Amino acid sequence: MKFRRACIPIGFAWTSPFARWQGPLAEISSLDLAVLITRRALEGRDFGAEQLSQIILGWTVPQQGVFYGAPTVAARIGAPNISGPMISQACATSAACVQAAASALEAEAEDVTLLVLADRMSNGPLIFYPTPSAQAGAPLIEHWVLDNFRRDPCTDKSMLETAENVAQEAGISREELDDLTLLRYEQYQRALADDRAFQRRYMVPVVLESRRGDPTVIDTDVGVYPTTAEGLAKLKAVKPSGVITYGTQTYPADGAAGMLLTTEERARELSKGGGVVRLLSSGFSRVAKATMPKAPVPAAHAALNDAGLRIKDVDAVTTHNPFAVNDIWFSRQTEYPLEKMNLYGCSLIYGHPQAPTGARAIAELIETLRRRGGGVGLFTGCAAGDTGAAILIRVQD
């Protein structure tokens, strides 16, 4: 889908730190975290919530009260007179929210839309589905997070199996996966250089008030594992006949993110001379059964085709890569160099809270392009159901 009017003001894409599940964000509802992060982000940018015309809330793991999620979050951040849709599309939720907001701007239906993305993978809900006709009326029980990791109802395969399938088909070796993971870890270290100068451009600390003592402040990612070639080599494959280890795949996390979408005129006003991020296009795809890591490639091509661009026109790429397999497949298919992707980190290293993961990758893409003086950027990633999503942007003065 091609866009002509939608822009993000420079500085108006943000994220919380991500924390490994059962870490310091495990006890806070993702909706409460979203409110905390959004308030701090808007206050830090001197933006009053009363200026908003719409909110879009992205989530994938139910939280208590999520039935009223979007209007409740809006009211709690100081915008009680607006509402908007709630969108849940697994790991493609961020891209789906961006497309929805940009489409509304194209139709001139909205002026300033706030995207709020949040998920807590920790303590996922246990769902009881009534089955009165079953023996003794015993309910069906679903662990929302774990059961859906383990099985795609269309294929009866786990996400891990989709990655093993692609690795086997493409002849991707264990050594290639280890090498790519080590590269991504080293790239993440760049984001931590100079007292995290890169991350501080978009990361909003979490401040959790305590009934006793000082508040808890989480201002860095929690759970990033120190990665070495020797350490990766010692790990056993998760599946006895496979090539993927726990070191070459991501881990579930908790976190929140957000951004503002508006017209170019309003974006320039809000950025105060800092420039704008122009939304060029979006793309979505679905590939053959149980081959999920392939999906980012056709999604990226769809976005590029709609924008009238080719991969060689792209100056920077960020990906949601739950498996190292994803990036290797993408690079082989597009000939985009692995070392030019994810220059400051990715979900393979800092974890995956699902809904906000794509938004963080887009925020990092924006800042990567700003550092080089602007240019065209591509975000792409896979999602449950052998699907993929992509967002194409241009950062300009």
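A short reminder: the numbers here are calculations on the coordinates, not readings from a lab. Remember, predicted model here, so these are calculated numbers, not experimental data. Heads up, the Cβs are rebuilt from the backbone with ideal geometry, glycines too, and the neighbour counts pull from every protein chain shown.
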Query - the range 139-244: relative contact order as a whole-number percent, Cα under 8 Å and 6+ apart - result: 23 percent
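When N counts the residues of the range 65-117, how does its alpha-carbon radius of gyration compare numerically with 2.2 N^0.38 Å, as a ratio? Show your work: numbers first, answer last.
Working: Rg = 11.5 Å, N = 53, 2.2 N^0.38 = 9.9 Å.
For the range 65-117, the normalised Cα radius of gyration is 1.15.
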**Report entry** Tail fraction, Cα-Cα pairs, the range 1-147, threshold 17 Å, whole percent
**Finding:** 66 percent
Report summary line: In whole Hz, the Karplus estimates of ³J(HN,Hα) for the range 146-151 (6.51, -1.76, 1.60; θ = phi - 60°; x where Gly or Pro) are 5, 5, 7, 5, 7, 8
Query raised in the report: Restricting attention to the range 125-178, which trypsin sites (Lys or Arg not before Pro) occupy a DSSP loop and are surrounded by at most 14 other Cβ atoms within 10 Å?
Result: 151
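Counting other Cβ atoms within 10 Å, keep those with at most 14, restrict to DSSP loop, and tell me which trypsin sites (Lys or Arg not before Pro) in the range 189-269 are left. Spell out each step's value before the answer.
Details: sites: 190, 196, 200, 201, 211, 212, 234, 236, 266, 268; in loops: 211, 212, 236.
Of the trypsin sites (Lys or Arg not before Pro), the ones in loops of the range 189-269 whose Cβ has at most 14 other Cβ atoms within 10 Å are 211, 212, 236.
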Query - Dipole of the range 1-132, positive direction: furthest Cα of 117, 107, 19, with charges on the beta-carbon - result: 19
**Report entry** Farthest positive-ward along the range 333-397 dipole, Cα basis, beta-carbon charges - from 389, 356, 366
**Finding:** 366
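Only sites in a loop by DSSP and with at most 13 other Cβ atoms within 10 Å count here; which trypsin sites (Lys or Arg not before Pro) in the range 1-46 make the cut? Write out the running numbers ahead of the final one.
Values: sites: 2, 4, 5, 20, 39, 40, 45; in loops: 4, 5, 45.
Passing sites in the range 1-46 are 4.
Let me know the charge dipole size of the chain about its Cα centre in debye, to the nearest 20, where only the beta-carbon of Lys, Arg (+1) and Asp, Glu (-1) is charged. Before the final figure, lay out the partial values.
On the way: 39 positive and 43 negative charges, 34 e Å.
Dipole size: approximately 160 debye.
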Report task. Of the options 31, 57, 132, report the single residue whose Cα projects farthest towards the positive end of the charge dipole of the chain (beta-carbon charges: Lys, Arg +1; Asp, Glu -1). Result -> 57
**Report entry** Dipole moment magnitude, nearest 20 debye, the range 1-157 about Cα centre, only Lys, Arg, Asp, Glu C-beta charged
**Finding:** 300 debye
Requested in this report: For the range 342-397, just run the numbers: alpha carbon Rg, then divide by 2.2 N^0.38 Å, N being how many residues it has.
Outcome: 1.17
Report task. Please report, to one decimal in angstroms, the Kirkwood hydrodynamic radius of the chain built from all distinct Cα-Cα pairs. Result -> 21.1 Å
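Given N residues in the range 179-318, what is its alpha carbon radius of gyration divided by 2.2 N^0.38 Å? The partial results should precede the final answer.
Details: Rg = 20.1 Å, N = 140, 2.2 N^0.38 = 14.4 Å.
Relative to the 2.2 N^0.38 Å estimate, the range 179-318 comes out at 1.40.
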Query - Paired Rg and Dmax values of the range 7-63, which use every Cα atom, in angstrom - result: 13.0, 36
Requested in this report: Quick one: compute the contact order of the range 263-344, relative version, from alpha carbon pairs under 8 angstrom and 6+ residues apart, as a percent.
Outcome: 23 percent
Query - Debye-sum result for the range 281-397 in log10 I(q)/I(0), which assumes one identical scatterer on each alpha carbon, at q = 0.22 Å⁻¹ - result: -1.29
Query raised in the report: For the range 167-233, which semi-axes, largest first and in whole Å, follow from the square roots of 5 times the eigenvalues of its Cα gyration tensor?
Result: 34, 15, 11
